[in-house]
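Let me begin by presenting the structure, written as structure tokens, before commenting on it.
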Amino acid sequence: MSVETEKVHPAGQLENFDVIIIGAGMSGMYQLHLLRKLGLSVRVFEAGDGVGGTWYWNRYPGARFDSESYSYGYSFSEELLQEWDWSEHFAAQPETLRYLNHVADKFDLCRDIQFSSRVVSAIFDEAGTCWDVALEDGGRARARFLITAIGPLSVPTLPKIEGIEEFQGQWFHTGEAPHEPVDFAGKRVAVIGTGATGVQTIQEVAKTARHLTVFQRSPNYCAPLHNSPIDGDTQARIKASYPEIFAKCRASHSAFLHKADHRRALEIPAEEREAFLEKLYGEPGFGIWVGNFRDMFTDQKANDVVSEFVIRKIRQRVHNREVAEKLIPRDHGFGTRRVPLETNYYEVYNQDNVLLVDLNETPIERIMPSGLETSGDAHDFDVIIYATGFDAVTGGFDRIDIRGEGGRKLKDKWAGGPRTYLGLQIAGFPNLLTLVGPHNAGTFCNIPRCIEQNVEWVADLMGYLKDNNYTCIAPTAEAEDTWTEHVYETASELLMTKVDSWFNGINPNVEGKDKRTFLLYAGGAPAYREKCDEVAANGYEGFVLR
Ligand code: NAP
């Protein structure tokens, strides 16, 4: 599979590989491990100076899992499973980053990872059937195959507010938080944004800040995480039951430890329904979202009863009536956007040192050297934290100049929304594989579980191509059309497609991301895995192999 033709670029020595992987997060790391086992030469280019991807970049205060720790780690190595102790049911970011560094050391991954190397372009060379990859620092490399492992939430977006750079205090986006923990004691802090990240940040900063002001544009329905430490006995039980844990994840729609309830919400007596919701609200993790009545996602009336339940909880937990009403979403139902999991989030608003500013009443007008000004007031701050989200799923692709056959830009191809085959390949872009790409089940999943499926499927494909002396693979236009139609059809009944969120490609802070499309695959991880397996079993049907 080595690339025979070689060009030397004036910028320096051009290195050749069988495979280039972009990104050394969870998917890139495991892909490297498996491809090396096949005897392929692999180079990973990573923008950061360490492994970990999401867990490398998102060092914001309070960052932690919303998945049970033991359902999140890699499952491929029994030795790794047995030697690693998770300290909490939902581990915090520093522990996850330590875990990923441990994995990198254990499997000696770093020798094939080039850090501080941001890929800026990837151009398909039709004559050589390979990808030319260029780095921000001028470096270049080429490989027969290019695998993107860039993560669905890797491009932080700042709001378009005048004066951001002029602020004289400390400021950062949560996705680019400082490497050293920030001490908030005695400080006046602003947090802008109340998505899953903002919620985790707010509840943490409120513990120590002299004063915290939360700037909220849209409230979300949040639910308790119920985190706790893992004691010795529980640790032993977890380690003894990994096969059952992963089997449970495999069987569930989005690979969590929570299985959807297929009863119809309105068909059971109100008291029974209330007791069920109360039970979910009292349990750890995402049960209240992915383990709830399945029809909550499709039937507005079913959704209403769940939303009303959570609204009652918000009203009970927030003492000031006016503040509570501001924290209640009015424009969407429960679970139609990502549900932030929280620990005393609502109680934060009962603290004297916390103020909620509703940006619908008083929008931010400008950032000033000393703080910020809304249409109502001026606020002075020592720290401003932007928890304003990401250019999701396709954003990471848009940042790289990716050109396929005939020099066609991927950004242009996807201008009207992504089109893929299995969320893994794109017609007109041969030998490019997109781990957790748009329309891939990995986008709506307990992500490492889908990462392992994606990575193993790609590794099997690479082995197949090698064994059969194929040098080129691309999906047919028909296969891509059929998959894309299937993705939209599967999502068509979902209430979440009728709501603005990153699931639908909406980000008002990014030019051109103002029309709803659908970036995820909502057919479920089991159905997706089955489809991928069937495609492989049928000699990679839907693909043209040369
Ligand atoms: P997000 O859900 O997109 O939330 C961004 C927030 O910023 C929203 O409240 C948004 O308000 C606000 N915002 C954006 N631009 C603004 C502006 N110009 N002015 C005022 N407010 C503005 O992003 P996120 O919270 O970073 O979460 C993204 C995803 O990361 C989550 O959905 C989740 O999948 C993942 N995540 C995972 C974990 C975990 O697993 N533990 C933790 C955190 C995040 P609008 O809603 O009005 O636009």
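The table below gives the values:
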| read-out | value |
| --- | --- |
| Per-pair calculated FRET efficiency, R0 = 56 Å: Gln13 and Lys279 via Cβ, rounded to 0.05 | 0.35 |
| Gained length - Asp233 relative to Glu541, 0.36 nm times residue gap less alpha-carbon distance | 106.1 nm |
| Distance between modelled label sites at Glu83 and Thr208, nm, 7 Å Cα→Cβ extension | 3.3 |
| Where Glu166, Glu88 fall by accessible area, highest first, once all protein chains stay in place (1.4 Å) | Glu166, Glu88 |
| Net charge of Cβ neighbours under 11 Å - reference Pro475; Lys, Arg +1; Asp, Glu -1 | -3 |
| Surface share of carbon and sulfur [accessible, 1.4 angstrom probe, percent] for the stretch 1-158 | 48 |
| Solvent-accessible surface ranking, highest first, for Arg337, Arg312 at 1.4 angstrom | Arg312, Arg337 |
| Values of log10 I(q)/I(0), in the order q = 0.10 Å⁻¹, for the stretch 330-485 under a Debye, Cα-only, solvent-free model | -0.61 |
| Cα→Cβ-extended label distance, 7 Å offset, between Ser370 and Arg330, nm | 3.3 |
| Helix-derived mean residue ellipticity, 222 nm - over the chain, DSSP H n ≥ 4, -39500 (n - 2.57), to 500 | -9000 deg cm²/dmol |
| Potential lengthening between Arg98 and Asp304 on full extension [0.36 nm per residue; Cα-Cα distance subtracted] | 70.0 nm |
| Overall dimensions of the chain as given by Cα atoms, namely Rg and Dmax in Å | 23.5, 74 |
| Across the chain: Cys residues that no other cysteine approaches within a C-beta distance under 4.7 Å | Cys110, Cys130, Cys222, Cys249, Cys472, Cys532 |
| Centroid-to-centroid separation of the stretch 369-430 and the stretch 58-129 [C-alpha atoms, Å] | 22 |
| Computed E for Asn468/Glu126 - FRET, C-beta separation, R0 25 angstrom, nearest 0.05 | 0.70 |
| Zone of Gln170's modelled label, taken as backbone nitrogen in the stretch 92-123 under 20 Å from a point 7 Å along Cα→Cβ | 93-95 |
| Label-point separation in nm, Glu530 to Asp500, each point 7 Å along Cα→Cβ | 3.7 |
| Helix axis angle, 477-491 relative to the chain longest principal axis, alpha carbon, degrees | 20 |
| Cross-link pairs Lys160/Lys313; Lys259/Lys313; Lys301/Lys531; Lys259/Lys279 - those with Cα-Cα distance over 26 Å | Lys160/Lys313; Lys301/Lys531 |
| Coordinate range along principal axes, alpha carbons of the stretch 173-224, Å, largest first | 29, 22, 21 |
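The values are calculated or read from the model by the stated rules, or taken from the named source; none is laboratory data. Just so it is clear, the model here is predicted, and its values are computed rather than measured. When we count neighbours, we look across all protein chains shown, and the Cβ atoms used for this are built from the backbone with ideal geometry, even at glycine. Heads up: the accessible areas ignore ligands, DNA and RNA and are worked out on the full protein's heavy atoms, side chains in. Shrake-Rupley method; radii C 1.70, N 1.55, O 1.52, S 1.80 Å.
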